[in-house]
Amino acid sequence: MTPPHDPVGITLVGTGAFAREHLTALATLPGADVRWVVGHDLRRARDFAALTPGARATTDLAEALADDRAVAVDVVTATPTHARDTVAAGEAGRHVQVEKPAALSLPQLDAMVRATHGTSLVVGQTVRFQPAVAALAAASRRGEIGTPRLAHVSWYTGHAWPGGWRGWQLDPELSGGHPVHNGTHIMDLATWLLDDEPAEVFARGFRTFSPDMDSPDSFHVQLRTASGALATLELCYALQRRGDLLRRVVLVGTEGTLAHTTAEEDGLHSDAATAPPPSVDGALRTQLAHWLDVVRGDAAPLVTTAQVRAALATALAAQRSLLSGRRERVRDVPGYDRGADDRGADDRGAAVGAAVVA
């Protein structure tokens, strides 16, 4: 086991806006040693590498993977390249964190899990590390409300406007569709809090501010689990100011209710920026610190691959429902049924992950 805060050599794959946020957060963590920045544009990769003393830039992931001191790879790229880069890193014996959604299909995700079997795979479900969500989940795991039976999440944010999305995000073949691209967060939150196998989904999409855009900016989802628990989910990315957030989470169990809303928090707003509410602030840094602990062998992944698979299958079923206008069974998502041996490995990790939360 590596002593705490011993340097962990990291390759950052990606040079977009969120990759920059990862780089900024990693710079604040003891022991995070970013050795490589990989991007398709060498000049941009060099600009990123210049932000971290000693980091080198390349357009060739294989060059970075040849560095034995870079034991961990942080994949922060567009979704279509997640599987390719994760499999390459895993087959090179590297630990991997990949941004959500982890993949565009369950077979892609399964290949990523197999490739990292000898190391570790962590998926960046940042919402789980937000202080309010972590506290709510911990209270539920302690049994404070008995068995969760109902979840209601309303999530409104300013992300797509002004101007709307462009490029690959609008192509379901590249993004998975809105329920997959952005909805994975809320799907993961629901399946994690209810702690039950997703069974059936019904989704409706709305073009609230985007009548001419190919993708709806808002959608509603009803999720039924195997035991009959229900999640009602609302997600809207059409608030006018980027960074605005209004969220309400209610979890009802057999013996009580837990709830949180950002409406009860003070926020700082200006024409230039909106400060995140205290209930979400610092989540990315906490997530990355946890990832380094996983790489060192000091923690089991809080976000297990079994849970990632359940959330991704739910999101894929929601996209199918948007297109069909009907309820869709999660098990009908291509690749959902697979060998029990694979499930067993993931489920053993899930038990440890639940203990970490509590």
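Brief remarks follow.
- Selection within the range 226-257 - part of a loop (DSSP other than H, G, I, E, B), in contact with a Leu (Cβ under 9 Å, 6 or more places away or on another chain) and at pLDDT 85 or above: SER227, ALA229
- Only a single item in (1) surrounded by fewer than 22 Cβ atoms within 10 Å (Cβ to Cβ); (2) more than 21 Å from VAL303 (Cβ to Cβ) is not met by VAL87, and it is number (2).
- Test: residue in the range 54-70 that is out of contact with any Leu (no Cβ under 6 Å at 6 or more places or on another chain), closer than 20 Å to ARG285 by Cβ and not small (Gly, Ala, Ser): no
- Test result for ALA78, at pLDDT below 95 and within 26 Å of ARG320 (Cα to Cα): yes
- Any hit, the range 281-304, residues being outside the structural domain of LEU29 (by TED's automatic domain parsing), modelled with pLDDT of 95 or more and under 21 Å from VAL221 (Cβ atoms): yes
- In a residue-by-residue description of the range 200-211, the property of being within 18 Å of ARG247 (Cβ to Cβ) and buried (at least 23 other Cβ atoms within 10 Å of the Cβ) applies to no position.
- Among (1) buried (at least 16 other Cβ atoms within 10 Å of the Cβ); (2) in a loop (DSSP other than H, G, I, E, B), the one test that LEU223 misses: (2)
Rundown of residues vs (1) free of Cβ contacts under 8 Å to residues at least 40 places away in the same chain; (2) in contact with a strand residue (DSSP E or B) (Cβ under 9 Å, 6 or more places away or on another chain); (3) within 21 Å of HIS290 (Cα to Cα); (4) not hydrophobic (A, V, I, L, M, F, W, C), yes/no style:
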{"position": "PRO80", "(1), (2), (3), (4)": "no, no, no, yes"}
{"position": "ALA89", "(1), (2), (3), (4)": "no, yes, yes, no"}
{"position": "ARG94", "(1), (2), (3), (4)": "no, yes, yes, yes"}
{"position": "GLU99", "(1), (2), (3), (4)": "no, yes, yes, yes"}
{"position": "LEU106", "(1), (2), (3), (4)": "no, no, no, no"}
{"position": "THR116", "(1), (2), (3), (4)": "yes, yes, yes, yes"}
{"position": "VAL122", "(1), (2), (3), (4)": "no, yes, yes, no"}
{"position": "ALA132", "(1), (2), (3), (4)": "no, yes, yes, no"}
{"position": "GLU144", "(1), (2), (3), (4)": "no, yes, no, yes"}
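- In the range 91-187, counting only strands (runs of 3 or more DSSP E) that sit wholly within it, the ones holding 2 or more residues that are of a type in the set (Phe, Trp, Tyr) span 148-157.
- Residues in the range 28-51 that are hydrophobic (A, V, I, L, M, F, W, C) and surrounded by 13 or more Cβ atoms within 10 Å (Cβ to Cβ): LEU29, ALA32, VAL34, TRP36, VAL37, VAL38, LEU42, ALA45, PHE48, ALA49, LEU51.
- Within the option set TRP168, TRP192, being touching a residue at least 60 places away in the same chain (Cβ under 8 Å), surrounded by 23 or more Cβ atoms within 10 Å (Cβ to Cβ) and among the aromatic types (Phe, Trp, Tyr) holds for one residue only, TRP192.
- Residues in the range 197-212 that are in contact (Cβ under 8 Å) with a residue 40 or more places away in the chain, part of a loop (DSSP other than H, G, I, E, B) and out of contact with any Phe, Trp or Tyr (no Cβ under 7 Å at 6 or more places or on another chain): GLU197, SER210.
- Tally of residues being among the β-branched types (Val, Ile, Thr) and under 18 Å from MET187 (Cβ atoms) across the range 229-264: 3
- Considering the range 226-263, and only residues there that are closer than 18 Å to ASP195 by Cβ, β-branched (Val, Ile, Thr) and surrounded by 15 or more Cβ atoms within 10 Å (Cβ to Cβ), the residue that is nearest to the chain's Cα centre (by Cα) turns out to be VAL249.
The values are calculated or read from the model by the stated rules, or taken from the named source; none is laboratory data. Bear in mind that the values here come from a model prediction, so they are computed numbers and not experimental data. Cβ sites come from the backbone with ideal geometry, for glycine too, and all protein chains shown count toward neighbours.
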